[in-house]
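The block underneath contains the structure these notes are about, expressed in structure tokens.
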Amino acid sequence: MNPSGLEALIEALRCLPGVGPKSAQRMAYHLLQRDRAGARRLGESVLHALQAVRHCQRCNTFSESDICERCLSPRRDRSLLCVVETPVDMNMMEQTLSYQGLYYVLMGRISPLDGVGPRELGLERLMARVLDGEVKEVILATNYTNEGEATAHYITAMLKAKGISVTRIARGVPVGGELEYVDSGTLAQALRERKSCSD
């Protein structure tokens, strides 16, 4: 038996991070009872985004074109490539106003418990990007979580084997912290104090 429209909506809302059964139920009732126009806009926006948004061919972030505006900008320092886990982390780096290079967004991190290894992250694309002849330094700005550290360690070994200069943002970012929740002043300090990754 198929779930009712209301049940299907509640279940669909539960896919959002931090939304449990009660929150999903409240949202569904609110949309249906008080904001049907908002619900329609939400549905249309999700469908539009699914159809229009894809990954930038150079930095892997979300974009509506093959190459995003940031990668096309002549003002960016093409010799620097900052590797982050998510588009949110990239936006946080941009808010520091202290970095003018380019990015590569992993769209995740190595996490064996979740079945995510180097292959699932597509690290061969990162390697191809780094070896394009323009990049002189790779700055690793993965989170200081166990998974972020494992990811940074793996990428460091992979790039150093090719003779690429690799640095890591300094630990101004709290251990166990995620870039999304760090204030921009702390993040700017961590970026300024980056250091070479050990072998």
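Listing for the model above:
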read-out	value
Relative contact order (percent, whole number), the chain, Cα cutoff 8 Å, 6+ residue spacing	16
Residue with peak Gaussian network fluctuation, the chain [Cα springs, cutoff 10 Å], from Gly20, Gly117, Gly177	Gly20
Protein accessible area in the chain, 1.4 Å probe - carbon and sulfur %	53
MRE, 222 nm, helices only [DSSP H, n ≥ 4, -39500 (n - 2.57), over the chain, to nearest 500]	-13000 deg cm²/dmol
Three-way shape call for segment 49-199 based on the alpha-carbon gyration tensor, with the a/c threshold at 1.5	rounded
Euclidean distance between Cα centres, segment 89-107 to segment 32-86, Å	14
Three-way shape label, segment 115-192, alpha-carbon gyration tensor, a/c 1.5	oblate
Inter-site label distance for Gln33 and Glu94 at 7 Å from Cα along Cβ, in nm	3.8
Under the span-like rule (Cα at least 15 Å along the axis, Kyte-Doolittle mean at least -1.0), DSSP H helices of the chain	21-33, 36-52, 146-160
Per residue solvent-accessible surface (Å²) - the chain, probe of 1.4 Å	59
Estimated inter-spin distance, His48 and Ser4, nm [label 7 Å along Cα→Cβ]	3.1
Two-site FRET efficiency, Ala157 against Ser79, from Cβ-Cβ distance with R₀ of 22 Å, rounded to 0.05	0.50
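The values are calculated or read from the model by the stated rules, or taken from the named source; none is laboratory data. Here the structure is a predicted model, which means the values were calculated and not measured. For neighbour counting, all protein chains shown are included, and Cβ atoms are generated from backbone atoms with ideal geometry for every residue, glycine included. For accessibility, only protein heavy atoms count, side chains too; no ligands or nucleic acids. Shrake-Rupley method; radii C 1.70, N 1.55, O 1.52, S 1.80 Å.
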